[in-house]
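The values are calculated or read from the model by the stated rules, or taken from the named source; none is laboratory data. All figures in this text were calculated on a predicted structure; none of them were measured in a lab. Note that each Cβ is placed from the backbone with ideal geometry, even for glycine, and that neighbours are counted across all protein chains shown.
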Amino acid sequence: MPDIDDPLVAKWEQWYRERPDYVARMIDRSRRYLYYVVVEVEKRNMPLEIALLPMVESAFNPQAVSVARAAGMWQFMPSTGTHYGLQQNFWFDSRRDVLAATDGALNYLQKLYGDFNDWQLALASYNWGEGNVSRAVAKNQKAGLPGNYANLKMPDETRNYLPKLQAVKNIVRDPEKYSLDLTDIPDAPYFAVVKLDRKIDVKVAAQLAEMSLEEFQYLNPQHNRPVIAGADAFTVLLPIDKAELFAAKLQLTNQPLVSWQAYRVQNGETLNQVAAKFRMEVEALRAVNGIGAKAKVAGGHTLLVPTQGPADTAADTLSKAVFTTVPQGRTFYYRVQRGDTLPSIAARYGVTATDLRRWNDLVQNQVAIGKTLRITSDLAPSGKVRRAAGTPPKRAAAPVAKQAAGSSTKKAATPSVKNTGGTPTKQVTVTPGKQPSSKAPTKNDKAASTRKTPAVAKSGTGRGA
């Protein structure tokens, strides 16, 4: 991808130069994920600086959530995430899944490059939307102007997007020029992939891996609840030196793996009453189930509560129950158009088809053209929508991610890749009654051992600082 040389690049270089501690935190966080992202980018023959894009998007913080509800280190909006296979439900949000979101983001970027045959326009589209970029290009061409990135009229955020990435690239290339000390990024995998087919508390999983809960959640931020559930099989990431230990201890442990169960709210029962029944603070009950302070729960809704029986029985209730998210936001009214489906409408509002059926007393996903649906969501979609009073459509400006807790500052030497002979991430499969098996990387999986690993930085919007 060609370098950009304009005053905006110098502006962002200076911005990073003036914040050495900030840059150090970015690098420290990136050490967990960067090797994996670089390997995936190289597999697809994409420009290597694409691996730095999470620094601009989220400072490589997979727990980042923007004010516009973009989530994860690649900052997927709900509808775009759904389109690229990133599930978002009661149990997990795959936009925060390091592996799934990376695959989705690279698929999306490759699609955008196929649309424009230009990586700068592809990146502008990732930030601004391909429809906006296409219209800007067409407008320039109609006026006899060049249709490249430098000549398009675009929002300030998009105009600064590529210069930020270029500034990061320049700093990585020559940090001494900017008086920055950057830690080494080892050219070896940080984590291993562990596959499970058993439900397990997040806290118990961290204990078995002999990790702090915070570090476990940095590698596995996609789980919305204190128990890993919601699928027949689960994938967790663990530091590569912890994976075999975790698998062995999981096979040998006698401690309960699950301390949560499903509970169906009775008609007329309040959250305060449920909390008292299970000896919880009502605030904790709301937090565990993702229920806002003002949201109400109707009879028949399923809640996650502490178990009062054997762990096996608790896990069984989680398998049989149907959990749905509780609406948090505003009420919209949408009139069904030709070609609409319940899943496509749900994706626009960041909810599920199950939610739509429940709110509108529907028994199937087919819905008649012209029918008005009631939708509760804190996401106002683009397009013409009939809305309830007091809910004007609004698109947030520059997303601001939540600061990652516990990020530390390290001072070290100029960055260089340590060739430790590392191989791509291995997989460990854990099945009840069987010894854990390790899957070594195949020949086709091996990455180049002389790879130059990029690192550092992010936008000036404050995301993930």
Taking segment 177-214 only, how many residues are in contact (Cβ under 8 Å) with a residue 12 or more places away in the chain, assigned to a helix (DSSP H, G or I) and closer than 19 Å to Asp28 by Cβ? 2
What do you reckon, is Leu318 in contact (Cβ under 8 Å) with a residue 40 or more places away in the chain, surrounded by 13 or more Cβ atoms within 10 Å (Cβ to Cβ), over 23 Å from Arg69 (Cα atoms) and of a type in the set (A, V, I, L, M)? yes
Could you check how many residues of segment 287-309 are touching a Gly at 6+ places or on another chain (Cβ under 8 Å) and either surrounded by 11 or more Cβ atoms within 10 Å (Cβ to Cβ) or touching a residue at least 60 places away in the same chain (Cβ under 8 Å) (or both)? 0
Matching residues, segment 343-363, being within 20 Å of Thr82 (Cα to Cα) and polar (S, T, N, Q): Ser344, Thr352, Thr354
Output the helices (runs of 4 or more DSSP H) that fall wholly within segment 1-96 and possess 1 or more residues being aliphatic (A, V, I, L, M) and over 26 Å from Pro226 (Cβ atoms), or say none. 7-17, 20-30, 34-43, 53-57
Within segment 54-78, the count of residues that are over 15 Å from Met26 (Cα atoms), surrounded by fewer than 20 Cβ atoms within 10 Å (Cβ to Cβ) and modelled with pLDDT of 90 or more comes to 1
Subset of segment 269-309 [among the basic types (Lys, Arg) and in a helix (DSSP H, G or I)]: Lys277, Arg286
Filter segment 262-311 down to the residues that are acidic (Asp, Glu) and more than 26 Å from the chain's Cα centre (by Cα) and list them by number. Glu269, Glu281
Mind counting the residues in segment 342-375 that are among the hydrophobic types (A, V, I, L, M, F, W, C) and part of a strand (DSSP E or B)? 2
Based on this model, can you work out whether Leu109 counts as in the same structural domain as Asn151 (by TED's automatic domain parsing), at pLDDT 95 or above, in a loop (DSSP other than H, G, I, E, B) and crowded, with 22+ Cβ neighbours inside 10 Å? no
When Trp12 is evaluated against the numbered criteria (1) buried (at least 21 other Cβ atoms within 10 Å of the Cβ); (2) in contact with a Phe, Trp or Tyr (Cβ under 9 Å, 6 or more places away or on another chain), which criterion, by number, is the only one it fails? (2)
Give the residue, chosen from Arg69, Arg95, Arg29, that is of a type outside the set (A, V, I, L, M), touching a residue at least 24 places away in the same chain (Cβ under 8 Å) and at positive phi. Arg69
Residue count, segment 117-150, condition in a helix (DSSP H, G or I) and more than 15 Å from Tyr161 (Cβ to Cβ), comes to 9
